[in-house]
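Written below as structure tokens is the structure these notes are about.
The values are calculated or read from the model by the stated rules, or taken from the named source; none is laboratory data. Not measured: the values here are computed from a predicted model. Heads up, the Cβs are rebuilt from the backbone with ideal geometry, glycines too, and the neighbour counts pull from every protein chain shown.
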């Protein structure tokens, strides 16, 4: 029985694109340790990554099929995925956790450039002990272990139609669940209670996992957007935000919704409208060929005019896919150009008084024809109300 | 409003123990980037870690309070936690993602030993780009950045009474949910459907998150235990396993249960009984003062006698806490000695025919008085039956 979420041709395309990019970058291989990268090339659906006891490696050579170098416990599950060959070591074995095996497997690859790319750079974390990486680097002698992250992001940033459909599916599920929140949430309930009920609804509605739920509330706005919901009870005049990253076959949606509890101040309503409007500007500005810093600039105009004091997020959106955030950053400093197949969040937010923040978020795909494909069901212009 | 899951004295104790250990190991500070370590010392409850765009740092100096060095977006949430001071940088800023700020904050600490511990070793992964770590190492000049993981595990491996109660709470919730599986699962349902229903029940019953669910099934046993449930439909004669890591305030339980679908072969029932028995031996052998390799040996006896062909997990259990797996490994190679306050899984498994594996698991705390404190509700000796 296959467990692959896509036809084999999808994985073949990814490997072919990786190999083309590697030749351009003079890499003999890419070595991947992160769950999202391992999954991208193999299709493996596992949460075993929660356990840091054993590293896993996937080698994408410049020519030929992929080689999984994994602990013995992973062999059977990986064999059912898209992979050409598998090498294993008995693990846990902290004194040699795959290091000598990796040295021998990498050493046997053709050495054309003498350079192998690892996940060393931007928005990457190597999922193995650093001391083991440094030891492997020593053992590899004259072969350079270099930063492969530009190659990885070049690939993963452009989604296929099938990938976009997974994100759309997650976004649709969560959109409908957000819409139902007013049917069960009300003043007096805690942030934690509402977050839990929403998470359950999302799972029941067909999402596979819900790895990210942030929730905050406060009179006329909230003071941060990254913590999980607390025991704070909602009160009349509050704005409640819930931000959800839920997955279908590993692909994330990532967006939030705001709710007005009873009667919210006119000032909060005005700011909410400005942020809703900035989202609209973002959706209409995000086209193939646009630089993300210009997208950022276009969205900032309305926020500044509405009295923005600051936005500590440092950006107004980001890439989205097998991770809840991926490059690029929708910010003044990022000069990435939007291309068809990119999926990004449009996420304006503003603090309008000390500790009073309002943030919106939608998910879109960049298309060939110039109009963004909105994957979420667009938030209503007026906040949903909780009684 | 406080969001701390423990009284402040709990965090003060942790920091005092860390500082005592650091003095013994000649470290001027510990620098922590992993979610579990950050949470251990601060109490922060956030899933923002899902986003790899921005690293976070917590510095535990050899004397004095902790210093959080975090992206601006984290400041307000971290301020509500247990931390003495906070430094921030505007992020994302890939060209300097906290590196120069960390250099200056670490540089201002007293230099007694000239050594700072990072998460570089066993069962650790540094949550920052390796190129940034290497740059920081260069910038720190003569100060050595060394492996702090032995210090971290020495602390975290011994749980306080309050920590054990969190794990017990998670284990109790999941135990009751496992018991209810036969009320809704039956032959013809898929692994994925049953996993989802169980996950929802666990959330509804009060667990905070369910980051790990593995599920497998097959006639008389399963061929692996790490993948998520598939579209495979249960059939008469199958053994179904579900393995769950669920949290309360970040603390994991991690255990599985087996279910017999209709009439299961006598051979599978015999092996199941042997594995159940090996669990019992493990629970009775795991006492303060026992070496884990002797615990492993005691459990292996019954499995070998029952016709064990192999066990690709490489161990029969592991530590448990803020991660679903922590050191030590219950294996022949680990010479750790069990101490009061350790929480471990007892997890015997055996393959008795090609592709037919049966695995059990319980969670226990090591006590002063010599008797293990079983945190799970012990699995029944006979498998629960699904019709």
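Numbers for the structure displayed
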| item | result |
| --- | --- |
| Qualifying positions in region B:308-332 - more than 14 Å from residue B:290 (Cα to Cα), in a strand (DSSP E or B) and modelled with pLDDT of 95 or more | B:318, B:319, B:326, B:327 |
| Test result for residue A:68, within 25 Å of residue A:252 (Cα to Cα) and touching a strand residue (DSSP E or B) at 6+ places or on another chain (Cβ under 6 Å) | yes |
| Residue within region B:49-59 that is over 27 Å from residue B:112 (Cα atoms) and assigned to a helix (DSSP H, G or I) present | yes |
| Any chance residue B:336 is in the same structural domain as residue B:238 (by TED's automatic domain parsing), under 24 Å from residue B:37 (Cβ atoms) and either buried (at least 20 other Cβ atoms within 10 Å of the Cβ) or under 23 Å from the mean Cα position of the chain (by Cα) (or both) | yes |
| Filtered residue count, region B:343-356, keeping only those that are part of a strand (DSSP E or B), closer than 20 Å to residue B:171 by Cα and in contact with a helix residue (DSSP H, G or I) (Cβ under 6 Å, 6 or more places away or on another chain) | 2 |
| Residue count, region A:48-70 (criterion: facing chain B (nearest Cβ under 7 Å), out of contact with any helix residue (DSSP H, G or I) (no Cβ under 8 Å at 6 or more places or on another chain) and either farther than 19 Å from residue B:327 by Cα or crowded, with 23+ Cβ neighbours inside 10 Å (or both)) | 1 |
| Of all residues in region B:103-123 being free of Cβ contacts under 8 Å to residues at least 60 places away in the same chain and in a loop (DSSP other than H, G, I, E, B), the one that is farthest from residue B:89 (Cα to Cα) | B:121 |
| Some residue of region A:270-281 being modelled with pLDDT under 95, under 21 Å from residue B:76 (Cα atoms) and surrounded by 22 or more Cβ atoms within 10 Å (Cβ to Cβ) | no |
| Residue satisfying all of: in region A:237-267; in a loop (DSSP other than H, G, I, E, B) and in contact with a helix residue (DSSP H, G or I) (Cβ under 9 Å, 6 or more places away or on another chain); nearest to residue A:383 (Cα to Cα) among these | A:264 |
| Any chance residue A:93 is closer than 30 Å to residue B:316 by Cα and touching a residue at least 24 places away in the same chain (Cβ under 8 Å) | no |
| Region B:71-93, subset more than 21 Å from residue A:349 (Cα to Cα) and in contact with a strand residue (DSSP E or B) (Cβ under 9 Å, 6 or more places away or on another chain), residue farthest from the other protein chains (Cβ to nearest Cβ) | B:84 |
| Among (1) part of a helix (DSSP H, G or I); (2) surrounded by fewer than 19 Cβ atoms within 10 Å (Cβ to Cβ), the one test that residue A:6 misses | (1) |
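Every residue, every condition in (1) within 11 Å of another protein chain (Cβ to nearest Cβ); (2) under 14 Å from residue B:37 (Cβ atoms), yes or no:
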position	(1), (2)
B:101	no, no
B:112	no, no
B:117	no, yes
B:122	yes, yes
B:125	yes, yes
B:142	no, no
B:151	no, yes
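So that you can scan it fast, the table gives a plain yes or no per residue for (1) closer than 24 Å to residue A:227 by Cβ; (2) not in a loop (DSSP other than H, G, I, E, B):
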position: A:283; (1), (2): no, yes
position: A:297; (1), (2): no, yes
position: A:304; (1), (2): no, yes
position: A:334; (1), (2): no, no
position: A:341; (1), (2): no, no
position: A:358; (1), (2): yes, yes
position: A:371; (1), (2): no, no
position: A:381; (1), (2): no, no
